[in-house]
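See below for the structure under consideration.
Coordinate-derived values only; no laboratory data. Not measured: the values here are computed from a predicted model. Cβ coordinates were reconstructed from backbone atoms using ideal geometry, including for glycine residues, and neighbour counts include every protein chain displayed.
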Amino acid sequence: MTFARDSYRTVVVGAGIVGLFTAYHLARAGGGPILVVDRGFLSSGASGRNGGGVRQQWEARGTVRLARESVQAYRRFGVEFGFNIWFRQSGYLFLAENDAELARLRNVHTLVASEGLPSRVLDADGVARLVDGIAPGATVGGTYLESDGTLYPFPALWGVYEAVRSLGVEVALGVEVLGVEARDGRVAGVLTSKGPVGTSTVVNAAGGWSGDLSRRAGLEVPNVATRHEILATEALKPFLDPMVVRASDGLYFSQSMRGEIIGGLALPHPPGSSGGARSSPAFLTAMARALVGLLPRLGSVGVLRAWSGLYDDTPDGFPVIGEDPRLPGFVHGNGLGGHGFMLAPATSRRIALAALGQPTDLDPAQFSPKRFLAPSPVAAVERLQLG
Amino acid sequence: MVGEPDRSFSFRGRPRSARDGETLLSALSTDRIPLLHRSIQYHRPQGPLCGIGHCTGCLVRVNGRPNVRACRYEPAPGDAVTIENAWPSPTWDLLGAIGLIKPGGVDSLHGLRRPALATRLYQRFVRRLAGTGTAPTEAGSQALSAPSVERSTEVVVIGAGGAGRAVAASLVARGVRPVVLERGLHPPPVDGAELLGATTAVFLPPPAESGERRFTLLAFREPAQGVRIDARWVVVATGGYDASLLFGGNDRPGVVTADAALSLATPPRPPPFRRAVVVGGGRRAAEVLETCGDAVEAVVAPGEIRPDVVRAASDRGILLYPRSLLLRADGRKHVRSVRLCARSGGTKTTIACDAVILAHRRVPHAQLFFQVGATTEWRSGVGAYGPTVTANGATSVPGLFAIGSVAGFSPSEFALHAEVVTDAVVRGTGPAGPAPSPAAGEAPTELLGYYRELLRVPGHGRWVACPCVDVLVGEVERAVRFGYRGIEVIKRYSSLGSGICQGRYCLPDALLLLSILEGRTPPEVGYITQRPPVVPTPLAALASLPARSAVEGVPP
């Protein structure tokens with residue numbers, strides 16, 4: 001298969017939720033013709049591998065705002081895209097194991113509440129009311145925001161995929177971008193595994209592979225791909241409403257609409273995308289110890305499957321959104337860590353604006369790719385990279 | 001092995017008894033295969049299908065512990081066994097109305113999606129219906145805690161069937177003491193080897209690349225004991241299992257695989273059926289006739305019927321239907337008859353029966369090969385993937401060998417092959433030349449031709465493609481029509497293969513189905529990544545394995 005055209009106005013690399021949403025906004029703004037390419041099949045990357053959590057509790061105001069906008073977008077998703085994503089707003093519960101962690105969560109609460117979101121601080125009893133069967137003494141309290149929630153990622157992907165196709169966007173799956181061609185110092189095309197394509201704008205929405213893609217374009221970037229693992233258990237009748245996240249080790253789990261407990265844990269994996277989509281015995285045993293330690297009643301529940309995906313981490317925990325000043329026409333829409341799905345609706349709108357050469361409302365000191373170029377003091381850091 | 005009925009337990013509040021060494025499913029199958037379960041979404045009556053601990057059909061609750069497989073559980077005196085996912089009972093389940101209201105399937109992808117109160121209420125209602133069992137009680141979970149088993153050994157043999165025992169014995173004769181894992185609950189001992197019975201290997205990651213090459217294998221021993229084995233060599237002898245088949249009512253109570261039929265027909269119990277229809281005309285059908293031929297009414301085969309099966313059948317007056325399409329099994333709560341059609345649009349026949357025994361094809365248990373990253377190949381005879389092996393059993397992963405039917409060898413070759421594999425392990429040699437071509441598939445079923453005819457049968461869209469998640473054939477066809485291609489995407493679109501058996505029973509059929517619908521070969525349709533663990537593994541078993549900081553700091 002080759003492409004329908006020799007050249008496109010924009011080539012979006014990555015048909016995950018960020019790339020597809022970006023193509024959607026571009027197409028609606030009349031930014032066509034647009035080609036989206038992806039090295040795998042639809043849902044083969046992190047968009048098909050995440051736990052479906054959507055939260056607005058963050059440590060930096062910029063992230064809280066993007067998340068709040070994304071929650072609103074996911075609430076409207078069914079009407080706009082015709083797919084039921086089963087977005088269930090039954091809260092994110094952050095757990096503290098000691099007073100220092102609780103103090104940190106209180107600061108999150110203060111920030112989140114100042115943005116008009118009704119977050120609450122809970123004591124140990126309040127937590128126990130939300131998590132039936134939690135081990136005594138496992139927590140000193142936590143924070144809870146009911147409008148956070150979980151969704152089912154696949155229908156969201158299908159919805160945006162079908163929407164962009166009906167807007168005339170071409171989506172080419174199983175096509176890898178091998179390099180970016182530059183002429184007169186700006187983007188002139190991309191070289192793909194199916195041949196060259198002309199374009200003046202490339203959007204790097206390749207998630208865990210975005211660092212590799214930037215480097216193939218000759219751009220040094222600080223994005224680091226990190227493998228994270230996740231598991232799902234047998235389906236049980238509903239007994240747990242919120243997504244639970246433990247501040248100390250990043251343990252997170254929720255009960256899906258289908259009844260499965262789905263969750264993960266931060267393990268010190270070596271960076272790099274080479275590990276593929278493998279699972280490790282270390283994760284299975286560590287995750288099982290953490291889950292059973294917190295909720296002893298889960299001991300007899302069977303683990304059904306485990307898998308892994310790539311986070312696309314940046315040094316300061318903020319996404320990278322905007323045109324790269326070193327290569328005009330090369331637009332970053334990446335660096336969303338492990339939270340691309342939850343932040344996609346809001347970030348993609350701004351990535352599309354950047355690709356159209358229009359200004360965004362984002363603080364460049366936090367989101368622009370320029371922030372990594374000049375040795376300047378770090379403006380802020382988003383460290384709540386949990387769950 | 002099976003003793004007197006001296007284990008008294010309660011089933012739904014009524015006293016029952018089991019013999020020593022007998023499974024719960026066997027004890028409950030007194031006169032016919034029981035109805036214990038309703039399907040997860042439409043609450044159709046769903047029977048025990050596999051008999052070997054994979055399907056959803058025999059899930060019950062025991063002493064506050066949900067999703068216990070009755071076919072893998074031996075009742076202890078005083079056990080309280082109840083049913084789950086049906087109200088008030090599996091025989092009369094009010095939620096069965098869901099399937100009656102929406103016979104073409106509920107469209108969960110496009111249904112109610114406005115952010116309105118109705119959606120919230122609908123969501124809450126649907127969520128209530130999710131899951132099979134209710135969460136375990138803390139006491140139910142804690143009763144399982146047991147110390148873990150850790151071994152470091154030269155060779156681990158996975159599976160103690162014919163091939164596994166042969167290679168273990170051969171290793172012992174050469175002075176190597178292997179650890180042998182066997183999933184069966186009461187395997188006879190293997191002299192000179194350490195045998196762990198009731199133990200299922202669940203996760204074999206690629207061996208560590210740095211330093212001395214060693215495998216770390218995770219397993220669990222019933223009910224929830226964690227097992228971790230380090231070994232230099234791994235010999236996989238996991239064998240195969242009887243596949244499911246697409247037809248109307250293919251998970252009705254009474255439809256069972258030959259695996260289940262043979263395990264339930266163990267003397268001194270009579271088989272829990274009197275007039276069974278056996279599907280298949282090959283070696284496996286012959287085994288069924290040999291064990292319980294007196295309770296068989298007819299043999300129905302997609303292709304020709306082997307002469308030895310014909311002889312065994314005519315000795316007992318069993319009717320033969322070669323080259324037939326099995327259209328449907330009828331009977332609401334239990335199979336009462338099957339409807340057949342001669343291949344290529346011939347005459348239709350109804351046969352009264354009380355069980356359907358699927359013995360038409362055996363598929364290799366190849367999950368571990370996918371996990372470890374070994375090269376696998378499509379075996380068109382059986383319509384499934386198996387490991388690529390050389391003549392001495394070596395796979396593409398150094399140190400990993402395959403033997404027996406999982407490697408494509410027939411039982412008559414096991415003894416000789418065991419010597420060859422042992423020789424390769426003991427001498428530490430690498431792969432030999434190419435393997436002799438694997439044993440040909442059983443009866444020449446022309447699998448794709450058979451499925452092509454099935455897809456022309458009116459009403460096939462309402463057949464169940466994935467019993468664990470209640471995915472209908474029509475939903476798979478719709479996904480293809482909407483432009484979704486490849487099994488990985490179809491799986492995520494339709495949820496097919498994401499249930500409790502993790503696609504073990506629906507995937508072999510789905511691959512053929514998609515091959516026809518997409519107009520490309522099954523290998524081009526792909527294969528769902530085999531994710532660990534091989535079978536649902538209790539969190540308690542995994543949690544019982546102590547952290548190994550050296551390993552856990554640097555996972556493979």
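Values computed for the structure shown
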| item | result |
| --- | --- |
| Long-range amide H partners of A:Thr192 with built H, under 5 Å | A:Leu178, A:Val197 |
| Length added when fully stretched, B:Thr266-B:Thr137, from 0.36 nm per residue minus Cα-Cα | 43.0 nm |
| At least 18 Å along the helix axis (C-alpha) and Kyte average at least 1.0, DSSP helices within chain A | A:281-294 |
| Calculated FRET efficiency for the pair B:Trp378/B:Arg481, C-beta based, R₀ 22 Å, to 0.05 | 0.30 |
| Segment A:127-229 - charge dipole about Cα centre, Lys and Arg +1 at Cβ, Asp and Glu -1, debye rounded to 20 | 260 debye |
| Per-residue HN-Hα couplings for segment B:184-192 [Karplus 6.51, -1.76, 1.60; θ = phi - 60°; Hz; x = Gly/Pro] | x, 6, 9, x, x, x, 10, 4, x |
| DSSP bridge pairs, chain B: antiparallel proportion in percent, nearest 5 | 55 percent |
| Beta bridge orientation in the protein assembly as shown: antiparallel %, DSSP, nearest 5 | 65 percent |
| Distance between segment B:127-142 and segment B:64-94 - C-alpha centres, whole angstrom | 12 Å |
| Placed amide H near A:Ser7: partners under 5 Å, 5+ positions off or other chain | A:Gly198 |
| Rounded to whole Hz, the Karplus (6.51, -1.76, 1.60) HN-Hα couplings of segment A:3-10, x for glycine and proline | 8, 5, 10, 7, 9, 10, 5, 9 |
| Cα gyration tensor shape for segment B:477-523, rounded if a/c is under 1.5, else prolate or oblate | oblate |
| Ratio Rg/Rh [Cα only; Rh per Kirkwood] for the protein assembly as shown | 0.97 |
| Set of aspartates and glutamates with alpha-carbon distance to A:Lys194 below 14 Å, sequence-local pairs under 8 removed | A:Asp6, A:Asp38, A:Glu176 |
| Hypothetical label at B:His186: residues of segment B:52-81 whose amide nitrogen lies under 16 Å (7 Å Cα-Cβ projection) | B:71-77 |
| Three-way shape call for segment B:249-360 based on the alpha-carbon gyration tensor, with the a/c threshold at 1.5 | oblate |
| Dipole of chain A, positive end: most advanced residue of A:Thr139, A:Leu66, A:Gly159 [Cβ charges, Cα centre] | A:Gly159 |
| Cysteines not pairable in chain B (beta carbon separation under 4.7 Å absent) | B:Cys58, B:Cys71, B:Cys292, B:Cys341, B:Cys353, B:Cys468, B:Cys501 |
| Kirkwood Rh and Cα Rg combined as Rg over Rh, evaluated for segment B:5-142 | 1.05 |
| At R0 = 25 Å, FRET efficiency that the Cβ-Cβ distance of B:Arg274 and B:Ser17 yields, to 0.05 | 0.65 |
| Fewest-first sequence of B:Trp87, A:Trp307 by Cβ atoms within 10 Å of each Cβ | B:Trp87, A:Trp307 |
| Distance from segment A:165-202 to segment A:105-153 (C-alpha centre basis), Å | 44 Å |
| For a label point 7 Å along the Cα-to-beta-carbon line of B:Ser396, residues of segment B:218-240 with backbone N under 20 Å | B:234-238 |
| Pairwise label distance in nanometres, A:Ser114 with A:Arg65, each label 7 Å out on the Cα-Cβ vector | 1.3 nm |
| Residues with amide H under 5 Å from that of B:His37, placed H, sequence gap 5 or more | B:Gln46 |
| Selected from B:Pro523, A:Asn334, A:Val303, residue furthest toward positive end of dipole (the protein assembly as shown; charges at beta carbon) | B:Pro523 |
| Span from the segment A:1-55 Cα centroid across to the segment B:213-266 one, whole angstrom | 40 Å |
| Cα Rg, Dmax, chain A, angstrom units | 20.6, 66 |
| Beta bridge orientation in chain A: antiparallel %, DSSP, nearest 5 | 70 percent |
| Label-to-label distance, nm, for residues given as B:Thr429 and B:Arg124 (7 Å Cα→Cβ offset) | 7.0 nm |
| Dipole axis of the protein assembly as shown (+1 Lys, Arg; -1 Asp, Glu on Cβ), positive-most option in B:Thr30, B:Ala18, A:Val108 | B:Thr30 |
| Residue-by-residue Karplus 3J(HN,Hα) for segment B:446-463, coefficients 6.51, -1.76, 1.60, Hz, glycine and proline x | 6, 3, 5, x, 4, 5, 4, 5, 4, 6, 9, 6, x, x, 5, x, 8, 5 |
| Helical mean residue ellipticity (222 nm; -39500 (n - 2.57) per DSSP H run of 4+; nearest 500) of chain B | -6500 deg cm²/dmol |
